[in-house]
Amino acid sequence: MANILVVEDEKSMQGIIAEYMQRGGHTCFTADDGVDALMVLKNNPMDLMILDVMMPCLDGFSVCKMAREISDLPIIMLTAKSNEDDKLKGYDLGADDYMTKPFSPKVLLAKVNAFLRRSSLLPSDTWNSMNRVNGGKIMIIPASRKVFLEGQEIALTYKEYELLYFLMTNPGQVFSREQLLNRIWGYDFEGTTRTVDTHIKTLRQKLGGEGRHIVTLIRSGYKFEVTA
């Protein structure tokens with residue numbers, strides 16, 4: 001159903017993850033280190049990557065950063081650490097979600113399927129209900145999950161797209177960080193509300209001057225508003 005790249009240097013863990021992905025009906029590619037992972041990405045169309053942080057040759061952070069230069073596929077990072085700063089570093093580099101070891105392979109598969117349900121691989125009426133969403137000089141085409149700024153397509157990560165789409169389809173409505181965290185990342189997400197701030201920051205940077213439409217309300221949250 002989907003091509004999934006599992007990047008994990010521990011063979012037993014790699015095998016368990018691959019087995020559960022295959023049980024879910026997906027085609028699984030594996031890599032033992034970061035160098036192999038980038039080679040697979042360059043030579044094969046991948047739909048999602050499960051990426052361990054601690055690996056030989058190139059760590060997961062380096063792989064995530066390099067992968068973002070060639071692909072906008074969803075990236076779920078695996079870590080033995082629960083340190084908040086490490087997670088925020090991953091999000092800043094383009095990771096979409098985290099799972100802390102030890103974890104349930106069933107929960108990981110559920111996360112993978114949740115990402116895929118929101119992508120074109122598993123079409124949802126949500127994405128096809130509108131031909132396009134406009135706000136200022138920003139245009140979103142939900143069916144293809146493409147974002148255009150002044151007519152030029154821009155590359156967003158999976159979560160950046162979801163965040164922008166949600167805000168633009170609810171213009172003027174204020175959402176707290178907790179609401180955005182639950183809506184975009186889910187109730188079982190392991191991170192904190194700082195994750196939302198990090199993604200808003202990078203989203204604004206990519207939108208340039210149009211990033212001003214994402215308005216911060218002190219002690220309240222964020223909203224998308226286009227003013228004259």
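The values are calculated or read from the model by the stated rules, or taken from the named source; none is laboratory data. Nothing here was measured: the structure is a model prediction, and the numbers come from that model. Virtual Cβ from ideal backbone geometry, glycine too; neighbours counted across all protein chains shown. Side chains included, ligands, DNA and RNA excluded: accessible areas come from the protein's heavy atoms. Shrake-Rupley method; radii C 1.70, N 1.55, O 1.52, S 1.80 Å.
Computed over protein heavy atoms with a 1.4 Å probe, the accessible surface of the chain works out to 47 Å² per residue. With the simple spin-label model, which puts each label point 7 Å out from Cα in the Cβ direction, the ASP59 to ILE16 separation comes to 2.3 nm. For MET77, nonlocal amide neighbours, meaning residues 5 or more places apart or on other chains whose placed amide H falls under 5 Å from its own, are LEU51, ASP96, ASP97, TYR98, MET99.
A protection proxy built from the mean count of other Cβ atoms within 10 Å ranks the segments 157-164, 217-224, most packed first, as 157-164, 217-224. Taking every DSSP bridge with both residues inside the chain, close to 45 percent are antiparallel. For the pair ALA80 and VAL174 in one chain, pulling the backbone fully straight at 0.36 nm per residue adds 30.3 nm over the alpha carbon distance. With only Cα atoms counted, the chain has Rg and Dmax values of 17.4, 58 Å. Highest average first, the peptides 69-75, 10-16 ordered by how many other beta carbon atoms sit within 10 Å of their residues are 69-75, 10-16. Across the range 57-72, coupling constants 3J(HN,Hα) worked out from phi with the 6.51/-1.76/1.60 Karplus curve, θ = phi - 60°, read 6, 10, 7, x, 5, 5, 5, 4, 4, 5, 5, 5, 7, 10, 7, 10 Hz, and Gly and Pro carry x. Over 18 Å apart at the Cα level, from the set LYS81/LYS101; LYS11/LYS89; LYS65/LYS159; LYS65/LYS101; LYS65/LYS87; LYS11/LYS111, are LYS11/LYS89; LYS65/LYS101; LYS11/LYS111. Answer rounded, prolate or oblate for the range 1-130, using the Cα gyration tensor with square roots of eigenvalues a ≥ b ≥ c: rounded when a/c is under 1.5, else prolate when a/b is larger than b/c, else oblate. Judged from the Cα gyration tensor, the range 1-130 comes out rounded (a/c under 1.5).
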